[in-house]
Amino acid sequence: MIELPSKPVSYSRTIITELMIPSYSNFEGRIHGGILLSLMDKAATACAAKHTGGYCVTVSVDEVSFFHPIEVGEIVTLMASVNYVGNTSLVVGVKVEAENIKTGVLKHTNTTYFNLVAKDELGRLRQVPRLLLENMEDVRRFTEAMIRREFKLQTEVNFTAKTKNIDLIRELPKLKKERCELSFDI
Ligand SMILES: CC(C)(COP(=O)(O)OP(=O)(O)OC[C@H]1O[C@@H](n2cnc3c(N)ncnc32)[C@H](O)[C@@H]1OP(=O)(O)O)[C@@H](O)C(=O)NCCC(=O)NCCS
């Protein structure tokens with residue numbers, strides 16, 4: 001297979017800036033989490049498409065935690081960059097900041113990692129270009145993505161080992177400490 005030319009991280013860096021309008025709000029009048037997820041996915045996909053020079057789809061999204069609520073009227077900036085490339089997959093980190101336009105106060109609401117794969121016109125997996133790391137920040141992100149990948153794999157292995165032959169009857173006493181009740185007899 002012919003190796004595609006490497007592309008620098010800066011080539012595909014993507015920024016989306018969006019005003020938070022009332023139709024984005026939830027019942028509390030703050031921004032609905034799903035709206036933000038959709039914007040983050042859009043930024044990640046645009047960034048991945050630029051790096052790979054073609055169509056990419058989201059395979060999984062690593063843990064998403066919102067540290068601060070976002071209010072209607074704030075300006076949200078989503079900064080996406082390729083953190084890591086595998087063979088056909090890549091990891092795009094998306095940092096989200098919300099700015100109050102009157103006070104200028106800036107909140108870092110979350111950073112989330114999107115795992116995507118590159119596809120060709122027939123929907124087959126396609127090799128992605130190598131990533132040219134331009135500074136130590138790029139090296140840190142690439143290294144952290146590798147470690148995150150290892151941890152995820154290990155977590156999956158541990159979870160499968162722990163749940164594979166689980167004896168639910170023996171687990172029942174643990175539920176007594178939890179906020180649930182059984183509505184049936186065993
Ligand atoms: C992702 C998908 C291609 C994996 O198919 P597969 O036959 O298991 O392919 P592979 O095991 O060869 O994995 C392909 C790549 O995806 C990566 N991958 C697969 N599952 C992954 C996951 N859960 N998280 C991160 N990366 C993943 C693999 O590590 C591999 O990367 P590499 O080529 O860089 O080493 C397939 O499940 C798919 O097409 N899913 C639908 C994606 C989609 O349509 N998303 C849009 C949302 S509707």
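Considering each residue of region 118-134, count those that are assigned to a strand (DSSP E or B) and buried (at least 20 other Cβ atoms within 10 Å of the Cβ), and give that number. Lay out the reasoning, then the answer.
We begin by selecting, within region 118-134, every residue assigned to a strand (DSSP E or B); these are 118-119, 125, 131-132.
Okay, now just the ones that are also buried (at least 20 other Cβ atoms within 10 Å of the Cβ), so 118, 131.
Residues flagged as assigned to a strand (DSSP E or B) and buried (at least 20 other Cβ atoms within 10 Å of the Cβ) within region 118-134 amount to 2.
Return yes or no: is N115 near the ligand (Cβ under 10 Å from one of its atoms) and either over 22 Å from E3 (Cβ atoms) or part of a loop (DSSP other than H, G, I, E, B) (or both)?
On the way: near the ligand (Cβ under 10 Å from one of its atoms): yes; either over 22 Å from E3 (Cβ atoms) or part of a loop (DSSP other than H, G, I, E, B) (or both): yes.
Criteria met by N115.
Condition (residue is within 15 Å of the ligand (Cβ to nearest atom) and at pLDDT 95 or above) applied to region 67-76: is it met by at least one residue?
From region 67-76, those within 15 Å of the ligand (Cβ to nearest atom) are none; that's our starting set.
Checked region 67-76: no residue is within 15 Å of the ligand (Cβ to nearest atom) and at pLDDT 95 or above.
Give just the number: which of (1) in contact with a strand residue (DSSP E or B) (Cβ under 8 Å, 6 or more places away or on another chain); (2) more than 14 Å from the ligand (Cβ to nearest atom); (3) not polar (S, T, N, Q) does F142 not satisfy?
Every listed condition holds for F142 apart from (2).
Looking at this structure, is N135 within 10 Å of the ligand (Cβ to nearest atom) and under 30 Å from L4 (Cα atoms)?
Working: within 10 Å of the ligand (Cβ to nearest atom): no; under 30 Å from L4 (Cα atoms): yes.
Here the answer is no, as N135 does not meet what is asked.
Which residue pairs have Cβ atoms under 8 Å apart, sit 6 or more places apart or on different chains, and have a first residue in region 87-105 that is part of a loop (DSSP other than H, G, I, E, B) and a second that is within 12 Å of the ligand (Cβ to nearest atom)?
Listed by first residue and then by second, the contacts come to N87/Q127; N87/V128; T88/V117; T88/A118; T88/L125; T88/R126; T88/Q127; T88/V128.
The values are calculated or read from the model by the stated rules, or taken from the named source; none is laboratory data. Note that the structure is a prediction, hence the values are computed from the model and not measured. Cβ atoms come from the backbone with ideal geometry, glycine included; neighbour counts cover every protein chain shown.
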